[in-house]
Amino acid sequence: SELESESEPMPATTTFGQPKFGGYVASSSADFCQAAVDLAEEPAKYREAVDVGWQTLHAHFSGAASPHRQDGTQDVPTDWQHVWRTMLNTKANLAGRRSSDFTQAMLWHNGSRSTEYFSRWIEAKQRLKSY
């Protein structure tokens, strides 16, 4: 459900520069998998990671100055309700937002066309091999 993430957020967040980090940093898929297993098998570590994640989110969205800005001004919305309303509004109007996003449409079109041409190239190459 949409609300599950609100009650149990993923403990892996990017909080560089923060005193605590609510997850693990992995440089390979094996390290990533091991970190996920560690969190799944050790409830205390998982609970601590979730708590740190909540602390980080509240620090960024509680209206306090963002710790990432040198001038002390805030670069994120000031409250959870604003974030939640924005997410719900975006989801409700997703089709409209996508249809009015020229850049996304252009990239999608070019990506699908390049895939089509690549497929044709592979087919032609296979036909030439069979001769």
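The values are calculated or read from the model by the stated rules, or taken from the named source; none is laboratory data. Source: prediction; values computed, not measured. Because the Cβ atoms are built from the backbone with ideal geometry, glycine has one as well, and the counts that use them run over all protein chains shown.
In the list S28, S1, S66, which residue meets the criterion of being loosely packed, with under 12 Cβ neighbours inside 10 Å, at pLDDT below 80 and of a type outside the set (D, E)?
Working: S28 fails: at pLDDT below 80; S66 fails: loosely packed, with under 12 Cβ neighbours inside 10 Å.
Exactly one of S28, S1, S66 is loosely packed, with under 12 Cβ neighbours inside 10 Å, at pLDDT below 80 and of a type outside the set (D, E), namely S1.
Using the structure shown, decide if W84 is at pLDDT below 90 and either assigned to a helix (DSSP H, G or I) or closer than 30 Å to A26 by Cα (or both).
Working: at pLDDT below 90: yes; either assigned to a helix (DSSP H, G or I) or closer than 30 Å to A26 by Cα (or both): yes.
So W84 fits the description; yes.
I'm told K91 meets every condition in (1) closer than 30 Å to G22 by Cβ; (2) at pLDDT below 85; (3) assigned to a helix (DSSP H, G or I) except one. Can you identify the failing condition by its number?
(2)
Name the single residue, out of those in region 109-131 being part of a helix (DSSP H, G or I) and of a type in the set (S, T, Y), that is nearest to S99 (Cα to Cα).
Let us first name the residues in region 109-131 that are part of a helix (DSSP H, G or I), namely 109-130.
Checking which are of a type in the set (S, T, Y) leaves us with 112, 114-115, 117, 119, 130.
On the way: S112: 17, S114: 21, T115: 22, Y117: 25, S119: 27, S130: 43 Å.
Top of the filtered list is S112.
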